[in-house]
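Asks: Dropping a structure here in structure tokens format, bear with me for questions.
None of the figures in this text is laboratory data; all of them are computed from the coordinates on show. The structure displayed is predicted, hence computed values, not measured ones. We place every Cβ from the backbone using ideal geometry, glycine too, and count neighbours over all the protein chains shown.
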Amino acid sequence: PDLTVRGVAVYKGWLAPAAQAAMVDDLRAAVAAAPLFQPETRFGRKMSVRMTSAGRYGWVSDRRGYRYDARHPSGVAWPPIPASVLAVWDAITGLDRRPDCCLINYYAEGARMGMHQDRDEADFQWPVLSISLGDDALFRIGNLERGGKTESLWLTSGDVLVMGGAARLVHHGIDRLRPGSSGLLTQGGRLNLTLRVVD
Ligand code: MD3
Ligand code: FE
């Protein structure tokens, strides 16, 4: 990696611009099959990020709580994870197990994600890999426990992050975007992909 922040390995600009554009085309097809939706928390508050997934499982949240589900809220199965996305997982992790979920987060201007842990997966031995596409985003990394000092870094289009080992359960979030910082997405904003082994 180019740098490591609290155990999170950061590969700056790992995806070249042409590869980013090809991946966005693949994601457009996936989003056409499984449209982005605005999840609701169990408390009935809408999240500001819009989401969908690809793979055997997708991550959903509604009044019943949050969980991995084999189907999109519309009832359709999730589309397959694009080969262009799996190729990044293979090249960077070198694992012979592939992810069963690619969570697709879309941030329009003003969207954010509060500090949280990713702990809905069965086995935390597997890493989570993230790919950033589009506008710059201010990413915040905290600690295994809630609260305490945090570190922030700007993620830019083409960056890949790997959260493994002790970093797998660290608190993290997205504070804000830098609107208009990238021309990759016609409609602006930011896409973040997180690849997860679920069960
Ligand atoms: C550190 N997404 O979907 S990706 C998420 O940019 C999520 O959309 C953010 O947090 C986003 O859950 C951050 C970077 C990331 C993803 C998973 C992690 C960092 C992580 C898991 C453990 C530790
Ligand atoms: Fe997360």
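Asks: Cut-off 10 angstrom, C-alpha nodes, Gaussian network model of the chain. Which of LYS12, LYS46, LYS149 fluctuates the most?
Replies: LYS149
Asks: Run the numbers for ASP25 and LYS12: contour at 0.36 nm per residue of separation, minus the present Cα-Cα distance, in nm.
Replies: Contour length minus Cα-Cα distance gives 2.5 nm.
Asks: Which residue fluctuates most in the GNM of the chain (Cα springs below 10 Å): GLN187, GLN38, GLN117?
Replies: GLN187
Asks: So, one more: Explain nothing, just the number: dipole magnitude of the chain about its Cα centre with +1 on each Lys and Arg Cβ and -1 on each Asp and Glu Cβ, in debye rounded to the nearest 20.
Replies: Dipole magnitude for the chain comes out near 620 debye.
Asks: Hey, in the GNM for the chain with a 10 angstrom Cα cutoff, which one of GLY158, GLY75, GLY142 fluctuates hardest?
Replies: GLY75
Asks: Taking the Cα atoms of segment 93-199 alone, what are Rg (to one decimal) and Dmax (as a whole number) in Å?
Replies: 14.0, 39
Asks: Turning to a different aspect of this structure: Mind giving me the nanometre distance, one decimal, between the label points for SER152 and GLN125, set 7 Å out from Cα along Cα→Cβ?
Replies: Reported label-point gap for SER152 and GLN125 is 3.8 nm.
Asks: When ranked by the protection proxy of mean other Cβ atoms within 10 Å per residue, highest first, what sequence do the peptides 101-111, 51-61 form? Present the calculation step by step, with values, prior to reporting the outcome.
Replies: On the way: 101-111: 20.2, 51-61: 22.8.
Top of the packing list down: 51-61, 101-111.
Asks: Please list the equivalent ellipsoid semi-axes of the chain, computed as the square roots of five times the alpha-carbon gyration tensor eigenvalues, in descending order and whole angstrom. Show your work: numbers first, answer last.
Replies: Working: eigenvalues 91, 82, 69 Å².
Rounded to whole Å, the semi-axes are 21, 20, 19.
Asks: Over the chain, what is the relative contact order in percent, taking alpha-carbon pairs closer than 8 angstrom and at least six residues apart?
Replies: In percent, rounded to a whole number, it is 26.
Asks: Along segment 90-106, what does the Karplus equation 6.51 cos²θ - 1.76 cosθ + 1.60 (θ = phi - 60°) give for ³J(HN,Hα), rounded to whole Hz, x for Gly and Pro?
Replies: The phi angles translate into 4, 5, 8, 7, x, 7, 9, 9, 9, x, 9, 9, 10, 7, 10, 9, 10 Hz.
Asks: Let me ask something else. Would you give the gap between the C-alpha center of segment 141-186 and the C-alpha center of segment 55-103, rounded to a whole Å?
Replies: Spelled out, the Cα-based centre of one part sits 20 Å from the other.
Asks: Explain nothing, just compute: Karplus ³J(HN,Hα) = 6.51 cos²θ - 1.76 cosθ + 1.60, θ = phi - 60°, for every residue of segment 25-39 in order, whole Hz, x for Gly and Pro.
Replies: After applying 6.51 cos²θ - 1.76 cosθ + 1.60, I find 4, 4, 5, 4, 5, 5, 5, 5, 7, 9, x, 4, 9, 9, x Hz.
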